[in-house]
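Heads up, the thing below is written out as structure tokens.
The values are calculated or read from the model by the stated rules, or taken from the named source; none is laboratory data. Predicted model, so just to flag it, every value in this text is computed and none were measured. When we count neighbours, we look across all protein chains shown, and the Cβ atoms used for this are built from the backbone with ideal geometry, even at glycine.
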Amino acid sequence: MNLNKVSKILILNGLMLAAPSMAAELEISITNLTQGNHFTPILITAHDNTSHQFQAGEMASPALQKMAEGGDIADLMAAATGNNELTVGNPAEGLLAPGGKVNEIMLDTQSMTHLSIVAMVLPTNDAFIGLDAWEIPTTPGTYTINVNAYDAGTEANDEIVNGGGMPGAPGIPAAPGMDAGMNGTGVSDTSANDKVHIHAGVLGDMDEAGGISDLDSRIHRWLNPVARVVVEVK
């Protein structure tokens, strides 16, 4: 084979290997699958394969704790932006109600290859919906992901609605549906798992004026998955 031809082939192959991955434009929708729980402001990030908003089996970061206990995504969003990730914050413009859906969330991924989504589940102590570093397909099409609720492992699940929402302050910030009880004595949480893990769900009770829990087992209990994410890769 002609040496000049060989050189051209090698150069062409080198260029192909060095070429960046094609950017994808995404259209995202998120549905709340629960019967009686709200999602706090949602954070969506597009990033490379080394970044994570959370990881199951690892300790929650202070920023993740702040989101999981109080619904505040500001620190997670700031960290992602500082890491040159692409972010969409609060696409539902507030709480996403049970059965609610937010559509037409547009995101140009540029050179980013993975997608993550988080939001607190209310009313809970530290539960959150979590999609961790989902690899964005390179083939155009519509992809459906069923998303579980995770426990941040940062607070005992006492199921007491007391306005608590600051990191380290026990209790649940609120029940947005105004459907919680009161005067609960508190659920005994014997879990020793302080890492991020799949949430066991709430226990609740049916005593609106007392009992062990301020949550209503007929309304606030769930089984995973709790959210559905549909991604259209254009």
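Numbers for the structure displayed
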| read-out | value |
| --- | --- |
| Hits in the stretch 98-130 (condition: among the hydroxyl-bearing types (S, T, Y) and over 16 Å from D72 (Cα atoms)) | T109, S111, T113, S116 |
| Number of the condition not met by A133 [criteria: (1) within 19 Å of P98 (Cα to Cα); (2) under 12 Å from the mean Cα position of the chain (by Cα)] | (1) |
| Strands (runs of 3 or more DSSP E) contained entirely in the stretch 122-219, each with at least 2 residues that are farther than 30 Å from S51 by Cβ | none |
| Test: residue in the stretch 172-186 that is within 23 Å of L95 (Cα to Cα) and touching a Lys or Arg at 6+ places or on another chain (Cβ under 7 Å) | no |
| Residue in the stretch 173-185 that is at pLDDT below 95 and hydroxyl-bearing (S, T, Y) present | no |
